[in-house]
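**Q** Quick one: this structure, given as structure tokens, is what I'll be asking you about.
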Amino acid sequence: MEPMAADDIPRWPERWPGRLRVRSRGGRPARKVVIGAGLAAYSWVAASTVPFTRNALLVVLLPGAAVAVLAYGRPARRIPPPDRVDVTGLSYWAVCIIALFEWEAAAFRDNSLWWHPSLTALIDPVLGVRPVKAAAILIWLLSGWALVRR
Amino acid sequence: MVTRVLTILGFAAVIAALAVLELLGRRKGSRIPTLGEWLGYVMRSRAGRLLILLGWLWLGWHYFSR
């Protein structure tokens, strides 16, 4: 399969020569600990917000803004993407993801009744437990960082 | 009751299949891309990057704000 559209995303380090310094993979452990503790604290506080409130919206929008800045304003050091992926291998992923959406849509169409719950209806009660919600928010934040590096 | 269990089993089966694909993709010489590889591939273009990041933001809003 031919690669997708032209790679028009500027890549580190060509455009930002000031960021040329090479970091070792395990470097700056203290910084990582501080950032990790900050993210964990943020997740814990964010998990205390009540759904459908302004604060609940803000705890999502703030990381969203940070990711937008990192993604477009000050790109992080990125992991080089593959030049091509196997179509057959990719189709396995596509089939599973489409099946997940279809299963969810079928439940949503039925108004997520007790006998045919949507994934959201199944997950919401679990997220009602604060430590679980905090852990989920932390995973979401880390996945946002992982996506910025892609 | 049976319908509810079947629905939950359906979700579990699909999520398990996704996990298996990730494990298979991590094998040496595998033709199946890992989650990170195909996401990186999709995010090569500006539109793909925007789409994936918006999807991430939507997930956060859907599960944590409402």
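Quick note: the coordinates plus some simple rules give every number you see, no bench work behind them. All values derive from a computational prediction rather than experimental measurement. Because the Cβ atoms are built from the backbone with ideal geometry, glycine has one as well, and the counts that use them run over all protein chains shown.
**Q** Taking 0.36 nm per residue of separation and subtracting the Cα-Cα distance, what length does fully extending A:V126 through A:R84 add?
**A** Details: separation 42, 0.36 × 42 = 15.12 nm, distance 3.86 nm.
Here the answer is 11.3 nm.
**Q** Expressed in nm to one decimal, what extension gain is obtained for the pair A:R149 and A:R28 from 0.36 nm per residue of sequence separation less their Cα-Cα distance?
**A** On the way: separation 121, 0.36 × 121 = 43.56 nm, distance 1.78 nm.
Working it through step by step, the gained length comes to 41.8 nm.
**Q** Could you tell me the convex hull volume per residue, in Å³, taken over the Cα atoms of the stretch B:2-65? Mind showing how you got there, number by number?
**A** Details: hull volume 7.1 nm³, N = 64.
It comes to 111 Å³ per residue, whole-number rounded.
**Q** Kirkwood Rh and Cα-based Rg: tell me the resulting Rg over Rh for the protein assembly as shown, rounded to two decimals.
**A** Working: Rg = 19.2 Å, Rh = 19.4 Å.
Reported Rg/Rh, Kirkwood definition of Rh: 0.99.
**Q** Note down the relative contact order for chain B as a percent, whole number, built from C-alpha pairs under 8 angstrom at least six residues apart. Please report the intermediate quantities before stating the final value.
**A** On the way: 20 pairs, mean separation 8.9, N = 66.
Relative CO of chain B lands at 13 percent.
**Q** Using only the Cα atoms of the stretch A:29-148, build the gyration tensor, take square roots of its eigenvalues as a ≥ b ≥ c, and label the shape rounded, prolate or oblate: rounded if a/c is under 1.5, else prolate if a/b is larger than b/c, else oblate. Show your work: numbers first, answer last.
**A** Numbers: a/c = 2.23, a/b = 1.10, b/c = 2.02.
It comes out oblate by the Cα gyration axes.
**Q** Now for a different question. What is the order of A:T49, A:T88, A:T120, fewest Cβ neighbours within 10 Å to most? Display every interim value, and only then the final one.
**A** On the way: A:T49 19, A:T88 10, A:T120 15.
Result, fewest neighbours first: A:T88, A:T120, A:T49.
**Q** Tell me which DSSP H helices of chain B clear both cut-offs, 24 Å or more of axial length from alpha-carbon atoms and a mean Kyte-Doolittle hydropathy of at least 0.5.
**A** Values: long enough: B:2-25 (34 Å, 2.09).
The qualifying helices are B:2-25.
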